[in-house]
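For reference, the structure is listed below as structure tokens.
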Amino acid sequence: MKKRLIVFALPFVVLACNNEAKDSVEKADSANEAKMDSNSTTSQTLQTDAESSQFLVKAADGGMAEVDMGNMANQKAASSSVKKYGAMLVKDHSAANDQVKALAAQRNVTLPATVSDANKTKMDDIMKKSGKDFDKAYMDAMIKDHEKDIDMFKDASNKVNDAEVKSFVDNTLPKLQIHLDSAKAIRKMLK
């Protein structure tokens, strides 16, 4: 009887040990590392470098967060300028997300299914606010996010070896700068 109990319980113990809670970005990174380690590519899959793969995962996470936060601004913002800014982000980042998805699919890169835990926490914190407090918190977050995004894209421009990914990076940077400049102007106006 004891042997059966041990044999029965063993798979559940193994599953519990291997089933660490990971957020969507960590899961995507792990899947991509496994793919790179196995070097399994089909004739229709482009080979890419680790930096390009990691960049695509981060870009997907950031892009999804910007779309979600833009939609949030459309719903909650008190200022029409903040609402328009949110709509611009939804439009521009949705288009960029489509490009990231296409690049990732061609390279068999797994992207996160949802935004990272860090982005979820940030959105939850901003969502708790309303009126002018929401507008200020949202615009502050957009300034920080776009400064971080611009740094990430500049870094990727110097590190990625994949020509198509580098082209996407270089073509997207000017839009990110426009988003940052607009966010700063709106935030200044809200004071």
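The values are calculated or read from the model by the stated rules, or taken from the named source; none is laboratory data. What you are looking at is a predicted structure, and each value in this text was computed from that prediction instead of being measured. Counting neighbours? That spans all protein chains shown, and the Cβs are built from the backbone with ideal geometry, glycine included.
Among the residues making up the range 92-113, those that are of a type in the set (Gly, Ala, Ser) and free of Cβ contacts under 8 Å to residues at least 60 places away in the same chain are Ser94, Ala95, Ala102, Ala104, Ala105. With respect to Ala156, is the statement that it is in a helix (DSSP H, G or I), hydrophobic (A, V, I, L, M, F, W, C) and either surrounded by fewer than 21 Cβ atoms within 10 Å (Cβ to Cβ) or in contact with a Leu (Cβ under 9 Å, 6 or more places away or on another chain) (or both) true? For Ala156, the condition - in a helix (DSSP H, G or I), hydrophobic (A, V, I, L, M, F, W, C) and either surrounded by fewer than 21 Cβ atoms within 10 Å (Cβ to Cβ) or in contact with a Leu (Cβ under 9 Å, 6 or more places away or on another chain) (or both) - is not met.
When Ala78 is tested against (1) of a type in the set (A, V, I, L, M, F, W, C); (2) in a helix (DSSP H, G or I); (3) farther than 24 Å from Lys22 by Cβ, just one condition goes unmet, and that condition is (2). If the condition is being assigned to a helix (DSSP H, G or I), more than 14 Å from the chain's Cα centre (by Cα) and in contact (Cβ under 8 Å) with a residue 40 or more places away in the chain, then the range 118-141 contributes Ile126, Met127, Gly131, Lys132, Phe134, Asp135, Lys136, Tyr138, Met139, Asp140, Ala141. Considering the range 101-117, the residues that are over 13 Å from the mean Cα position of the chain (by Cα) and in a loop (DSSP other than H, G, I, E, B) include one that is nearest to Val82 (Cα to Cα), namely Val109.
Restricting Val25, Val67 to those that are within 12 Å of the chain's Cα centre (by Cα), at pLDDT below 75 and either closer than 22 Å to Met142 by Cβ or of a type outside the set (S, T, N, Q) (or both) reduces the list to Val25. Among all residues of the range 144-164, there is at least one that is touching a residue at least 12 places away in the same chain (Cβ under 8 Å), touching an Asp or Glu at 6+ places or on another chain (Cβ under 8 Å), farther than 28 Å from Ser81 by Cα and of a type in the set (Gly, Ala, Ser).
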